[in-house]
1. Give the dimensionless ratio obtained when the Cα radius of gyration of segment B:1-155 is divided by 2.2 N^0.38 Å.
2. Provide a list, ordered by number, of residues in segment A:180-200 showing at least 40 Å² less accessible area with every protein chain present than when their chain is taken on its own, using a 1.4 Å probe.
3. Anything losing 10 Å² or more of accessible area from the isolated chain to the full protein assembly: pick those residues out of segment B:54-76, probe 1.4 Å, ligands and DNA/RNA ignored.
4. Could you work out Rg/(2.2 N^0.38 Å) for segment A:89-131, with Rg from alpha carbons only?
5. Report, in listed order, any pair from A:LYS127/B:LYS31; B:LYS159/B:LYS228; B:LYS72/B:LYS281 with a Cα-Cα distance greater than 25 Å.
6. Could you tell me the ratio Rg/Rh of chain A? Both radii from Cα atoms, Rh via Kirkwood.
7. When we measure straight from the Cα of B:LYS136, which aspartates and glutamates land under 19 angstrom away, once same-chain ones fewer than 8 places off are left out?
8. Principal axis extents for chain B, Cα atoms only, whole Å, descending order, please.
Amino acid sequence: MLKPNITKNTEVSSNQKHNQSPFKLARKRFLRNKLAIAGIAVLILFILAALFAPLLTQHDPTKGDLMLIEKPPSSEHLLGTDSSGRDNFARLIYGARISLTVGFSAMLFTLLIGVITGALAGYYGGKVDNLIMRAADLMLALPFLVLALTIIAILEKVTVGIFVAVIAITSWPTLTRIVRGAFLSLREQEFILGARAIGATDIRIIFKHFIPNAIGPIIVNATLLMATMIIVESALSFIGMGIPQPTPTWGNMISEAQNIRILRDHPEAWVPPGLAILLTVLAINFIGDGLRDTFDPKSNRR
Amino acid sequence: MTKQNKNIADSPILNVRNIKKYFPIKGGVFKRTIGHLKAVDDISLSINKGETLGIVGESGSGKSTLGRVILKLIDATEGSILYKDTNITSMKRNQFRPYRRNMQMVFQDPFGSLNSKMSVAELVEEPLLVQTSLSKKERQEKAIEFIEKVGLRAEDRLKYPHEFSGGQRQRISIARALITNPEFIVCDEPVSALDISIQAQVLNLMKDLQEELGLTYLFIAHDLSVVKHISDRVAVMYLGKIVEIAPTSTLFKEPAHPYTQALLASIPTLNKKKTDEPTVKLKGDIPSPANPPSGCAFRTRCPFAHERCEKETPVLATQGVQHEVACHLLDGQDDVPIATKSDPTLKKISKA
């Protein structure tokens, strides 16, 4: 017979206010980070502008008026028109749609590939690990931009979907390595052995035990990846290898500045998209840094 | 050799025969196997229903590996494990899964053995979720029953591991191990990471639970006083081998193997009587299990080592009731006197 042990148990914890899950604690820490909150505010502003673009301007960002080429700012065209007579302001806010979509979906796609390959490599090890990591090494050995350029050059028509796929296929190895590394360090922990000791399946161990404990570095890197993706889109569009005209993207707008006359006389055409890229990337990076501080094991008292 | 023909009345719940676990050591450019680390080297033992078998040994003696091999968390290199006469050694993972209900484990590190992202309720219910088809409500009821059984409060189930102390976490681990009503539990140093006052609480809890639920424990520890407190029988391991196995009282009263004697002599006591009785003292470290000494593994540190120890590996031989020892000194084939108190080597060591 077991005596009611509660009475003699002297180590029952002191009364705690409420039960805080590790995620709630992390969120609390994150919300204390002012820069990260500013980043989120800026990003939300851009997202709202992109979503409500039709309400902010009546102009069609893809249709040009050849009678109105390279006009300076006016009440009709807030940021003037470009070399094809398209409204720059309309292109800027519609461009936010494309740039943010490309950044976000490329990040998601990369995350999907990276987490699956990284999880397989880190969990199973051995031959699976070798195969995946050698493939990753191969991809990393090729310069990213050149590889992306080559694939785009081979493809005849580049749509947003294809563009996202190209970026994701060329940039997954970084994330794979991070996920694999996190899995390898977790694999040695006793709670993973404990999960195996109760007879949990591989799927359950990966999704219930590995991923929640590796979520920190995954989220941080995914966020920073999104910033990189936006820059990559702009860079490729700038040299005319991105999403083709007349689709408005920030990179496409900056490529106008390749013309020395526009560069000199019409800063209103290329400064706003440049600033938009700068602010977005900066905002995302601040969010990423905030998340990194949140998940940092040193600040995470267990 | 092994414990056969003994206590046929108490049927063994677990029978381990000549189990070996060699970890390959890879090296060179092509990662070839260049050697083996003999973590568990030819161990046979049996555990009867309801008893506690303690396993003691220094760090690196292979006790944890033995526990993990028995629960098939690591595959054995050779040998067989019989659970209630069913050979579980070669079972595939999926085949063995239902058996895990009956064979559970409590881990050493209370801070590493609980997933910090899961609440106590999730942690304690997880074995039921994996092993049974109970409904959510039934699982919850059972979890509360066991959380209270290990001395925590039902309200604690909504908390997360970081809100608990080491001893409380170990209670959670125990609840998690017990919830599927297992018969056999491997306790891998369950109290060695706890404060001494908490150790006693957890040990007593485990003892009470054993009585109430009829559990069988394989209790791994390096702390002899802990083992003495909880075990019915004790096996002493050295470099992957069992050197002595005996009922607890016998082992602590009449240790026969020089290594056991040295271990017992190393227990610090508060008021040690100054006696002339020399004690065996250990010098140096345990040799690497990758490159164990020839013959008797203990000979490099044994004050009684002689020629034969170098050439011949001693095997477990009956020494008394349920008492088996693997030492050349005790089989009477040598001129060397049995653990002589007059041995000049011993005197010298004991003075040092």
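1. Working: Rg = 18.9 Å, N = 155, 2.2 N^0.38 = 15.0 Å.
Ratio of Rg to 2.2 N^0.38 Å for segment B:1-155: 1.27.
2. A:GLU190, A:PHE191, A:LEU193, A:ARG196, A:ALA197, A:ILE198, A:GLY199
3. Listed by number, the residues meeting the 10 Å² cut-off are B:ARG68, B:LEU73.
4. Working: Rg = 17.1 Å, N = 43, 2.2 N^0.38 = 9.2 Å.
Normalised by 2.2 N^0.38 Å, the Cα Rg of segment A:89-131 equals 1.86.
5. On the way: A:LYS127/B:LYS31 13 Å; B:LYS159/B:LYS228 35 Å; B:LYS72/B:LYS281 36 Å.
Beyond 25 Å between Cα atoms: B:LYS159/B:LYS228; B:LYS72/B:LYS281.
6. Numbers: Rg = 24.6 Å, Rh = 22.2 Å.
With Rg and the Kirkwood Rh in hand, the quotient comes to 1.11.
7. Straight-line reach from B:LYS136, under 19 Å: B:GLU122, B:GLU125, B:GLU126, B:GLU145, B:GLU148, B:GLU155, B:ASP156.
8. 70, 54, 50
The values are calculated or read from the model by the stated rules, or taken from the named source; none is laboratory data. Given the structure is predicted, the values throughout are model-derived calculations rather than measurements. Counting neighbours? That spans all protein chains shown, and the Cβs are built from the backbone with ideal geometry, glycine included. Accessible surface is based on the protein model in full, side chains and every heavy atom, while ligands, DNA and RNA are left aside. Shrake-Rupley method; radii C 1.70, N 1.55, O 1.52, S 1.80 Å.
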